[in-house]
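> I have a structure I would like to understand better, so I am pasting it below and will then ask my questions one at a time.
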Number of protein chains: 2
Amino acid sequence: MPPFDEFGLIRAWTEGRQAEPFLASAGVTVGIGDDAAVVAADTGTDWLLAVDTMVEQIHFKPDTMEDADIGYKALAANVSDIAAMGGVPKHALISVSVPPGWDAGRMERLYEGLYACADQYGIAVVGGDTTSSPGHLVVAVTLIGCVETGTAIRRSGARPGQFVFLTGPTGLSAGGLHGMLAQGDAAKGSARVPVPPKRLTDAHRRPQPSVKAGRLLQGFASSLNDVSDGLASEAWEIADASGARLVLRETELPISGELAGYAGRCGCSALDWILYGGEDYVLLGTADLEHEAELRRKFREERLPFFVIGFVEEGASGVELEMSNGKRKPLLKRGYNHFAKG
Amino acid sequence: MPPFDEFGLIRAWTEGRQAEPFLASAGVTVGIGDDAAVVAADTGTDWLLAVDTMVEQIHFKPDTMEDADIGYKALAANVSDIAAMGGVPKHALISVSVPPGWDAGRMERLYEGLYACADQYGIAVVGGDTTSSPGHLVVAVTLIGCVETGTAIRRSGARPGQFVFLTGPTGLSAGGLHGMLAQGDAAKGSARVPVPPKRLTDAHRRPQPSVKAGRLLQGFASSLNDVSDGLASEAWEIADASGARLVLRETELPISGELAGYAGRCGCSALDWILYGGEDYVLLGTADLEHEAELRRKFREERLPFFVIGFVEEGASGVELEMSNGKRKPLLKRGYNHFAKG
């Protein structure tokens with residue numbers, strides 16, 4: 001059923017299917033619909049539960065991802081969901097469905113990448129299920145994290161008067177993917193295309209989820225989301241969940257020099273990648289103005305980037321871009337089409 | 001890579017990849033290799049973590065499973081893993097990769113079946129990820145359960161002198177699948193084949209995991225496994241994990257009247273289904289002789305079946321069948337090939 005309206009349909013299949021009192025009795029404080037579910041566990045600790053699936057041809061193509069990159073990124077996408085709740089990732093379970101063309105060596109490299117991510121973030125891989133697949137590779141990772149009781153940062157807390165922040169530049173992963181696809185096409189013909197900088201291709205193949213940033217934001221951020229589907233799409237999720245209006249300032253959006261340079265060389269719009277490119281795994285959120293100075297200081301001390309990119313105002317749920325000429329335009333809700341070349 | 005040596009390869013990819021002190025510091029008391037992982041959580045509670053994947057054409061074919069059955073069974077397979085540790089299932093996360101031919105109505109029925117199983121076993125569905133699939137349907141379910149600290153029943157505790165038990169008859173699911181496949185083939189030609197009893201087809205499509213039996217066995221069973229890959233295969237897993245020799249008595253193996261009748265009508269071996277048919281989700285385990293009378297009493301009180309089917313003896317790891325003539329033969333390690341007609 002492409003294009004797949006994930007959000008609307010999942011809501012239709014799942015919403016209201018289990019009664020609130022039952023969910024509450026099971027310790028569920030946040031169910032389906034945020035980056036991760038929240039379940040009360042130990043005294044002082046809530047558990048965060050998230051699952052993410054990567055499907056060959058849908059989320060990646062073999063010509064832009066090494067086998068080890070696939071394993072790394074399948075886990076990294078989940079780490080980012082835990083980071084977006086302000087939590088710490090702890091335990092992972094891996095489901096891999098292996099197509100006929102894959103041999104044991106390829107699987108070993110996939111696991112190598114997966115463990116590289118696990119080791120980097122201190123995650124214990126505790127279980128898995130490996131099956132055959134008649135068609136394509138499917139990797140589903142479930143990650144369990146934890147957070148101090150009642151402190152998980154949801155999407156729904158954005159309020160008028162707050163500022164909107166971003167913990168790093170976006171668009172790098174989309175630029176890197178564009179570059180690799182263009183190189184692949186050029187290799188088939190005689191055209192010459194610019195080589196994408198390594199920082200962009202690395203951003204696509206080995207994204208770095210923002211666990212440390214999420215921890216710094218705990219107790220300060222009123223809403224939080226990881227940029228997995230693109231800045232505009234994630235801002236819309238916060239706006240919808242909070243019933244708020246987010247205004248992003250074009251002049252304040254961070255842009256990496258490598259991305260600007262590469263976009264210029266290949267005649268592409270860096271702004272399009274910045275707004276609609278996904279899988280950067282930086283964090284987007286909102287906070288009260290009174291916390292701005294302290295957050296800037298905390299991020300500076302940890303040598304982590306922190307950008308104030310807009311504000312929340314009264315009005316119907318929505319997201320607008322304030323352009324450099326002061327005019328505004330609505331931002332589309334659309335996420336990023338991984339394989340459309342922009 | 002069919003046939004897929006899941007056990008050997010997964011061990012090669014994962015064993016020793018993370019240091020014991022690290023896993024211990026993460027609260028992991030049982031990692032990869034049992035029915036579920038065990039993680040220390042709340043004071044007094046261990047968490048059980050399990051993932052199971054169902055792939056179209058590999059684990060089921062659309063002509064033997066309604067869409068709702070697929071959803072039901074995807075969760076039930078996980079419930080059985082938690083039951084096999086003596087635990088209680090609590091929270092589920094669902095990953096579904098949806099092929100182009102599936103519409104929203106089919107997905108809704110899949111979720112209906114899934115929630116039917118969740119409601120039956122008191123499981124809160126707390127999250128999921130739905131993606132497109134270019135080929136076949138893939139459903140991966142992660143289930144989190146709990147058990148009193150230190151009481152999870154592993155596969156590795158079988159000791160010489162103990163008895164081997166089974167909490168219900170096996171082979172029903174395999175008999176039901178055989179019947180449905182034979183009916184499908186007959187519909188294409190002119191041959192007439194016996195109709196499989198509903199109890200057998202229900203056993204295949206709506207298996208009933210043995211959570212209550214697992215709870216009764218807590219504190220008594222020294223090893224436990226659910227019969228997902230067939231009685232012989234599960235007995236081998238216990239034998240290998242325990243370093244013990246299991247002897248099953250052919251005359252003590254429970255056989256349902258429906259299975260015996262159907263096998264007779266279609267000229268098949270009921271014993272083959274009983275030993276090698278999978279997905280019955282009853283529990284196989286071992287316990288000390290001194291507990292036999294009490295276990296029989298507890299199961300009788302709960303109106304649950306309980307069969308003593310053999311014993312554990314000294315010797316190299318292995319599984320033998322003591323036939324009705326008193327002679328023994330080794331049982332093969334092989335699991336069940338879902339689509340080979342026996």
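> Please compute the alpha carbon radius of gyration of chain A, then divide it by the globular-protein estimate 2.2 N^0.38 Å. Two decimals is fine.
Scaled against compact globular proteins, the figure is 0.99.
> Over the alpha-carbon set of the stretch A:6-148, work out the extent along each principal axis and list the three values in angstrom, largest first.
48, 34, 23
> Please report the antiparallel percentage of the DSSP beta bridges confined to chain A, to the nearest 5.
That works out to approximately 75 percent antiparallel.
> Pop out the ³J(HN,Hα) list for the stretch B:274-283 in order, Karplus 6.51 cos²θ - 1.76 cosθ + 1.60 with θ = phi - 60°, rounded to Hz; leave Gly and Pro as x.
4, 7, 10, x, x, 6, 8, 6, 7, 10
> By DSSP, what percent of the beta bridges with both residues in the protein assembly as shown are antiparallel, rounded to the nearest 5?
75
> Related question: Which entries in the list B:Lys212/B:Lys333; B:Lys73/B:Lys333; A:Lys73/A:Lys188; B:Lys61/B:Lys298; B:Lys90/B:Lys333; A:Lys90/B:Lys90 go over 30 Å, if you measure between the two C-alpha atoms of each?
B:Lys61/B:Lys298; B:Lys90/B:Lys333
> Can you list residues whose amide H is under 5 Å from A:Asp129's amide H, if they're 5+ apart or on another chain and H is modeled 1.01 Å from N?
A:Ile94, A:Ser95, A:Val96
> Checking the cross-link filter: which aspartates and glutamates have an alpha carbon closer than 15 Å to that of A:Lys327, excluding same-chain neighbours under 8 positions apart?
A:Glu250, A:Glu252
> Residue by residue, what Karplus-based ³J(HN,Hα) values in Hz, rounded to whole numbers, does the stretch A:106-119 have, using 6.51, -1.76 and 1.60 with θ = phi - 60° and x for Gly and Pro?
Per residue, the Karplus-derived 3J(HN,Hα) values read 5, 4, 5, 5, 4, 5, 4, x, 4, 5, 4, 5, 4, 5 Hz.
> Roughly speaking, what is the centre-to-centre gap between the stretch A:188-213 and the stretch B:262-312 when only Cα atoms are used, to the nearest Å?
Their Cα centres are 57 Å away from one another.
> Treating the beta-carbon of each Lys and Arg as +1 and of each Asp and Glu as -1, no other charges, what is the dipole magnitude of the protein assembly as shown about its Cα centre, to the nearest 20 debye?
900
> Under the definition of Cα pairs under 8 Å and six or more residues apart, what whole-number percent is the relative contact order of the stretch A:163-330?
Relative CO of the stretch A:163-330 lands at 41 percent.
> Evaluate the relative contact order of chain A (contact order divided by residue number), counting alpha-carbon pairs under 8 angstrom at least 6 apart; express in whole percent.
21
> Right, another one. Can you spot the aspartates and glutamates whose alpha carbon is less than 17 Å from A:Lys198's alpha carbon? Ignore those fewer than 8 places along the same chain.
A:Asp63, A:Glu66, A:Asp69, A:Glu258, A:Glu279, A:Asp280
> Only bridges with both residues in the stretch A:19-142 count here: give the DSSP antiparallel percent, nearest 5.
That works out to approximately 60 percent antiparallel.
> With only Lys, Arg, Asp and Glu charged, each at its Cβ (+1 for the first two, -1 for the last two), find how big the charge dipole of the stretch A:53-148 is about the Cα centre; round to the nearest 20 debye.
140
> Would you please give the residues with an amide H less than 5 Å from that of B:Gly278, counting only those at least 5 places away or on a separate chain, with H modeled from the backbone geometry?
Close amide H contacts, sequence-distant or interchain: B:Ala174.
> Using θ = phi - 60° and the Karplus relation 6.51 cos²θ - 1.76 cosθ + 1.60, list the HN-Hα couplings for the stretch B:160-175 in order, rounded to whole Hz, with x at every Gly or Pro.
Whole-Hz 3J(HN,Hα) from phi for the stretch B:160-175: x, x, 7, 9, 9, 10, 9, 9, x, x, 10, x, 5, 4, 5, x.
> Could I ask something else about it? Taking only C-alpha pairs under 8 Å that are 6+ residues apart, what is the relative contact order of the stretch B:6-148 in percent?
Value for the stretch B:6-148: 31 percent.
> Considering the convex hull of the alpha carbon atoms of the stretch A:163-330, report its projected area averaged over all viewing directions, in nm², one decimal.
10.3
> Could you list which residues have their amide H under 5 Å from that of B:Val164, counting only those 5 or more apart in sequence or on another chain, with H placed in the peptide plane?
B:Ile309, B:Gly310, B:Phe311, B:Val312
> At q = 0.06, 0.07 Å⁻¹, work out log10 I(q)/I(0) for the protein assembly as shown with the Debye formula, treating every Cα as an identical point scatterer and leaving solvent out; two decimals please.
-0.37, -0.49
Every number in this text was worked out from the coordinates using simple rules, so none of it is lab data. Model, not experiment: these values are computed from the prediction. Neighbour counts run over all protein chains shown; Cβ positions are idealised from the backbone, glycine included.
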